[in-house]
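Some notes on the structure that comes next.
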Amino acid sequence: MDVMNVRGPVSPGTRRRSGMAVLAFSLFTSCGAMMPVFDFDSNASSAIIAHREFGLRLGKEYASLIQTRFAAKDTLRAMRRELNTSAGFSLYQSFLDLHEREYPLAVAELRGIADGS
């Protein structure tokens, strides 16, 4: 089995092994939790849908850990407060627009993680 690589495309109908999704790995290892490996199968009609499905599965699988981690980080709470300002939201939107254009598969996966958790 291949290791999930957020830079490369996920071909529809392929089987992937998780555990190396960069964001999730960072979130969990920095709080002392190890991520168990799970298998992911996708019959999605496109790579972007497959990435979103993978993120959704990852988010659902680790929702409590993700929520705990985000609640514990003061810097993340500060960022969320900043998003409620017009300047902060404008900066965030330009960042998101750039990444949707340049890294659509990674953004789809991150949206899946967010929706799942």
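Derivation of every value follows stated rules applied to the coordinates shown; laboratory data play no part. Here the structure is a predicted model, which is why all the values come from computation and not from measurement. All Cβ positions, even for glycine, are placed from backbone atoms using ideal geometry, and neighbour counts span all protein chains on display.
The single condition among (1) among the β-branched types (Val, Ile, Thr); (2) within 14 Å of the chain's Cα centre (by Cα); (3) not in a helix (DSSP H, G or I) that ILE48 does not meet is (3).
Among the residues that make up region 81-90, is at least one of them free of Cβ contacts under 8 Å to residues at least 24 places away in the same chain, out of contact with any strand residue (DSSP E or B) (no Cβ under 6 Å at 6 or more places or on another chain) and of a type in the set (Asp, Glu)? Break it down stepwise before answering.
Taking region 81-90 as the starting set, the residues that turn out to be free of Cβ contacts under 8 Å to residues at least 24 places away in the same chain are 81-90.
Checking the rest, the ones that are also out of contact with any strand residue (DSSP E or B) (no Cβ under 6 Å at 6 or more places or on another chain) come to 81-90.
Add one more test, that the residue is of a type in the set (Asp, Glu), and what stays is 82.
Within region 81-90, one or more residues are free of Cβ contacts under 8 Å to residues at least 24 places away in the same chain, out of contact with any strand residue (DSSP E or B) (no Cβ under 6 Å at 6 or more places or on another chain) and of a type in the set (Asp, Glu).
Residue count for region 65-80, restricted to those that are free of Cβ contacts under 8 Å to residues at least 24 places away in the same chain and hydroxyl-bearing (Ser, Thr, Tyr): 1.
Of all residues in region 55-110, those satisfying the criterion of being in a helix (DSSP H, G or I), surrounded by 13 or more Cβ atoms within 10 Å (Cβ to Cβ) and hydroxyl-bearing (Ser, Thr, Tyr) are THR68, TYR92. Just one of the numbered conditions (1) touching a residue at least 24 places away in the same chain (Cβ under 8 Å); (2) under 13 Å from the mean Cα position of the chain (by Cα) is not true of VAL107: (1).
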